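Chemist: For reference, the structure I am asking about is given below.
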Amino acid sequence: MIAMWPYPRLIAHRGGGALAPENTLAALRTGLSAGYRAVEFDVMLAADQVPVLMHDENFGRTIAGAGQVAATPSAALVGMDAGSWFGPAFSGERIALYRDALAYCRSQGIWMNVEIKPASGWEQQTGQVTARLTADLLGDGAAGAVLFSSFSMAALRAAQQAAPGIPRGLLVQDLPPDWREQLASVRALSLHIDHARLTRDMAQLVRSAGYAVFCYTVNSVPRARELSGWGVDAICTDRIDLLRPDFFEA
Ligand code: G3P
Ligand code: MG
């Protein structure tokens, strides 16, 4: 059984790749203006369990100062600058609520790989709340518009329970020895793996077991061509300037 991948094959990483501050609405706009109609972004819970777009648990890199996302209410997070670290053109760009990103992507016809990125200790809640909100806001359209992925099996399990109809992918760095059991236990559609750890044989093995293979984060054209030649179903990239959205069709 060979995997089926009915979604876009080239995806802008963290919204706008290297061209905009990650995981912001500005990043989503940047991806779209580069012609991308597929994005990956990271979702984490605020202290009041409201999902926001965020990669790091702690402030300090994209958000100035000290503090933790999971200890800060969403009302405070949405006032925080998530753009200045990237450059003055984006200063004042705020932390985005997940529901606003969902609404924007739906309104623009952008497909989403929503990476459930729980702060430590919040795996189950993050999967559950993110999945519920997605199902509530998108209704019947959710399954065609969103694919959840996570490094956390607990988060994926919770997402599966809360919204079984929205597809799931397991994120890994390396192929774990029990990859078949893990993928089967959450009825995953896809395996998302660091492209640097993937071999042609691995790609064939996983695909022949019936799972799609998604590679992150592929930032060169020759490497993207090689992975495509291996049968890799989809890749995400920071280099939305180098890899054109029609790469797989061209
Ligand atoms: O989902 C692919 C990729 O985003 C996983 O790594 O750290 O960039 O979220 P990271
Ligand atoms: Mg991610």
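FYI, it's all coordinate maths here, none of it is from the lab. Owing to the predicted nature of the structure, the values given are computational and were not obtained by experimental measurement. Cβ atoms come from the backbone with ideal geometry, glycine included; neighbour counts cover every protein chain shown.
Chemist: For a footprinting-style exposure proxy, rank Ile63, Ile11 by other Cβ within 10 Å, fewest first.
Modeler: Ile63, Ile11
Chemist: Something else: Roughly how big is the chain's charge dipole about its Cα centre, with Cβ charges of +1 (Lys, Arg) and -1 (Asp, Glu), in debye to the nearest 20?
Modeler: Roughly 380 debye for the chain.
Chemist: In Å, what is the Rg of the alpha-carbon atoms in segment 85-228, and how long is Dmax?
Modeler: Rg, Dmax (Cα atoms, Å): 16.3, 48.
Chemist: May I ask you to sort His13, His195 by Cβ crowding, counting other Cβ atoms within 10 Å and putting the fewest first?
Modeler: Starting with the residue having the fewest Cβ neighbours, the order is His195, His13.
Chemist: Along the charge dipole of segment 105-219, pointing to its positive end and built from +1/-1 on Cβ of Lys, Arg, Asp and Glu, which listed residue (Ala145, Leu156, Leu183) has its Cα farthest out?
Modeler: Ala145
Chemist: For a quick check: with amide H placed at 1.01 Å from N, whose amide H comes under 5 Å from Ala212's, ignoring anything fewer than 5 positions away on the same chain?
Modeler: Those qualifying (amide H under 5 Å, at least 5 residues apart or on another chain) are Met4, Ser190, Leu191.
Chemist: Then there's this: Once every DSSP H run of n ≥ 4 in the chain is given -39500 (n - 2.57) and the sum is divided by its residues, what mean residue ellipticity at 222 nm do you get, rounded to the nearest 500 deg cm²/dmol?
Modeler: Helix-only estimate at 222 nm: -9000 deg cm²/dmol.
Chemist: Further question: If I histogram all Cα-Cα distances within segment 10-249 using bins 10 Å wide from 0, what percent of pairs lands in each bin?
Modeler: Taking every Cα pair in segment 10-249, the percentages come to 8, 33, 38, 19, 2.
Chemist: If eta is 1.567 mPa s and T is 4 °C, what Stokes-Einstein diffusion coefficient results for segment 106-177, Kirkwood Rh from Cα pairs, in µm²/s?
Modeler: For these conditions, the coefficient is 106 µm²/s.
Chemist: For all pairs of alpha-carbon atoms in segment 157-250, what percent lies in each bin of width 10 Å, listed from the first bin to the last filled one?
Modeler: Final binned percentages: 16, 46, 29, 9.
Chemist: Let me have the relative contact order for segment 10-249, percent, based on Cα pairs under 8 Å that are six or more residues apart.
Modeler: So the answer I get is 19 percent.
Chemist: A further question on this structure: Would you mind pulling out the separation of the Cα centroids of segment 154-189 and segment 25-55, in Å?
Modeler: That distance is 21 Å.
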